[in-house]
Amino acid sequence: MIDGSMIGMLLGGLITSIEIFLLTLLFSLPLGLLVAFGRMSGFAPLKWLMKVYISIMRGTPLMLQLIVVFFGPYYIFGASLSSDYRFIAVIIAFSINYAAYFAEIYRGGIEAIPKGQYEAAQVLGYGKVQTFFIIILPQVFRIIIPSVTNEVITLVKDTSLSFVLAIPEMFTIAKQIAAADASIVALLVAGVFYYVFNVVVAFVMARLERRYNYYSN
Amino acid sequence: MSLLKVKNLKKSFDEEEVLKDISLEVEKGEVLCIIGPSGSGKSTLLRCITDLEQEDGGVIDFDGTFGLVFQDFNLFPHHSVMKNITNAPIKVQKRDKTEVFQSARALLKKMGLEDKEDAYPHELSGGQQQRVSIARALAMNPDILFFDEPTSALDPELTSEILVVIRDLAAENMTMVIVTHEMTFARNVADKIIFMDDGHIVEEGTPDEVFSSDNSRMREFLGKFYD
């Protein structure tokens, strides 16, 4: 039932899943910070736009967003899409979706920093950018790590949604094997791999959390 | 020669006028204590002078460097004591690292904290934290040091720790403006005292002049401390 070729195919899929996972974090973590800035901006149109964006990203299914990002350019602009775009669409959809969640996490963290920290920084002559990167952001990281961990663990599992665009990641491949074998064993094995993946992610995040725990407020 | 000149300063929050036409001068080497009841505008005055609030009218004439010591310290919790003190001189004033570290160690020694340079603020008592924040302000080599109720968050024992430090600075002719509720301390350390009430300067002069004033509001306020 479980043979080497099944494991090999699933592991091949797992590599694609990991690629989606890493690329999504790479783009969505900084993008989320920019969205958070927009969401907290004093410029009303930008703030309103970011609110709508976050609301839509959180309020509609990620699977639907994947489909819209992939087929949208064709239906809206009549653009002909290369086969590479399938993977790019997945990364775009995941990144803009997770950026919305991360933006709200950043915002919560930034708003939790006492006003006195900004005042002390100002009196010491730090500029706005210096204040943010030297004084505020390191403290924000510490506050938000537990919430970010939750999102990152969810992302590991959400990569399986890319099956709707037939990306050869682990879940897509497990489904194909299961259909061919008329057995759910491949899906169960994939489940074990997802679990191990997340155990590793949780371990890394716990270490990160410990590294930021050298001080308390 | 006056180092700081404030003329006809006005400040309101919404409809409430907090500072009504405040004028004062601080000479080089002078210690000015500002006293008065809560809500009289003392802290707002200090916050306008230090640019933490924007005044609505009047002129603040001062071009030098200043330091501000807050009531609740506002140390950076993620930086060690040493980094709290040295980071702004290095990153903002672009001074030489070795020189900054040397002067920071000298300041810590002066504050009796020479063994705390690697500690984090949460590992220190309130009095120690406030001494670090004084060292942080002094490390910028300010022309004037402002204190906004520096002992209000501390118990009496820790308060005296801080008052001793400020007295030592006064003995070194550091120019200081101190908003405080410590009347005995103000009387001992100040060259000049300003008594504020309801956004006005009610009384101004040497400690002896102010503390023997006939002004009824001043007497009423002092009575609460000496009865």
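Points worth noting:
- Within the stretch A:1-18, the residues that satisfy the criterion of being surrounded by 17 or more Cβ atoms within 10 Å (Cβ to Cβ) and not β-branched (Val, Ile, Thr) are A:MET6, A:MET9, A:LEU10, A:GLY13, A:LEU14, A:SER17.
- Within this structure, A:TYR98 passes the test of being in a helix (DSSP H, G or I), over 30 Å from B:PHE147 (Cα atoms) and either aromatic (Phe, Trp, Tyr) or within 14 Å of chain B (Cβ to nearest Cβ) (or both).
- Being within 25 Å of B:SER80 (Cβ to Cβ), modelled with pLDDT of 95 or more and within 23 Å of the chain's Cα centre (by Cα) is a description that applies to A:ILE136.
- Test: A:TYR74 is of a type in the set (Ser, Thr, Tyr), away from chain B (no Cβ under 14 Å) and more than 28 Å from B:LEU52 (Cα to Cα): yes
- Here B:GLU16 does not fit the description of being modelled with pLDDT of 90 or more and of a type in the set (D, E, K, R).
- Taking first residues from the stretch A:125-154 that are among the small types (Gly, Ala, Ser) and partners that are surrounded by fewer than 19 Cβ atoms within 10 Å (Cβ to Cβ) and assigned to a helix (DSSP H, G or I), the Cβ contacts under 8 Å between residues at least 6 apart in sequence or on separate chains come to A:SER147/A:GLY108.
- Being buried (at least 20 other Cβ atoms within 10 Å of the Cβ) and basic (Lys, Arg) is a property that holds for B:ARG131.
- Within the stretch B:80-95, the set of residues being without any contact (Cβ under 8 Å) to a residue 24 or more places away in the chain and within 19 Å of B:GLU117 (Cα to Cα) comprises B:LYS83, B:ASN87, B:ILE90, B:LYS91.
- Among residues of the stretch A:104-150 being outside any helix (DSSP H, G or I) and in contact with a Lys or Arg (Cβ under 8 Å, 6 or more places away or on another chain), the one that is surrounded by the most Cβ atoms within 10 Å (Cβ to Cβ) is A:LEU124.
- Only one entry in A:VAL185, A:VAL156, A:VAL129 is over 15 Å from A:SER17 (Cα atoms) and away from chain B (no Cβ under 14 Å), namely A:VAL185.
- Pairs, first in a loop (DSSP other than H, G, I, E, B) in the stretch A:157-177, second among the hydrophobic types (A, V, I, L, M, F, W, C), C-beta under 7 Å, six or more apart: A:ILE167/A:PHE87; A:ILE167/A:VAL90; A:GLU169/A:ILE20
- Enumeration of residues in the stretch B:30-62 that are within 14 Å of chain A (Cβ to nearest Cβ) and among the charged types (D, E, K, R): B:ARG47, B:ASP51, B:GLU53
- Within the stretch B:40-51, the set of residues being touching a residue at least 60 places away in the same chain (Cβ under 8 Å) and either surrounded by fewer than 19 Cβ atoms within 10 Å (Cβ to Cβ) or within 21 Å of B:ALA137 (Cβ to Cβ) (or both) comprises B:LYS42, B:SER43, B:LEU45, B:LEU46, B:ARG47, B:ILE49, B:THR50.
- Any hit, the stretch B:156-175, residues being of a type outside the set (Val, Ile, Thr), outside any helix (DSSP H, G or I) and buried (at least 19 other Cβ atoms within 10 Å of the Cβ): no
- Checked against (1) polar (S, T, N, Q); (2) over 30 Å from B:PRO142 (Cα atoms); (3) within 14 Å of another protein chain (Cβ to nearest Cβ); (4) surrounded by 17 or more Cβ atoms within 10 Å (Cβ to Cβ), A:ASN213 passes all but a single condition, namely (4).
- Count of the stretch B:22-39 residues which are touching a helix residue (DSSP H, G or I) at 6+ places or on another chain (Cβ under 7 Å), part of a strand (DSSP E or B) and small (Gly, Ala, Ser): 0
- Unique match (being at pLDDT 95 or above and under 17 Å from the mean Cα position of the chain (by Cα)) among B:LEU75, B:LEU45: B:LEU75
- Of all residues in the stretch A:151-164, none satisfies being more than 19 Å from the chain's Cα centre (by Cα) and either buried (at least 16 other Cβ atoms within 10 Å of the Cβ) or among the basic types (Lys, Arg) (or both).
- Residues of the stretch B:99-141 that turn out to be assigned to a helix (DSSP H, G or I), within 14 Å of another protein chain (Cβ to nearest Cβ) and under 23 Å from B:THR175 (Cβ atoms), as a count: 10
- If you check B:ASP72, B:ASP96 for being within 14 Å of chain A (Cβ to nearest Cβ) and of a type in the set (Asp, Glu), only one passes: B:ASP72.
- A:ILE92, sole failed condition from (1) within 14 Å of another protein chain (Cβ to nearest Cβ); (2) without any contact (Cβ under 8 Å) to a residue 40 or more places away in the chain; (3) in a helix (DSSP H, G or I): (1)
- Long-range neighbours under 7 Å by Cβ, at least six apart or interchain, first residue without any contact (Cβ under 8 Å) to a residue 12 or more places away in the chain within the stretch B:1-19, second of a type in the set (Ser, Thr, Tyr) and in a strand (DSSP E or B): none
The values are calculated or read from the model by the stated rules, or taken from the named source; none is laboratory data. Because the structure is a prediction, the values reported are computed rather than measured. Counting neighbours? That spans all protein chains shown, and the Cβs are built from the backbone with ideal geometry, glycine included.
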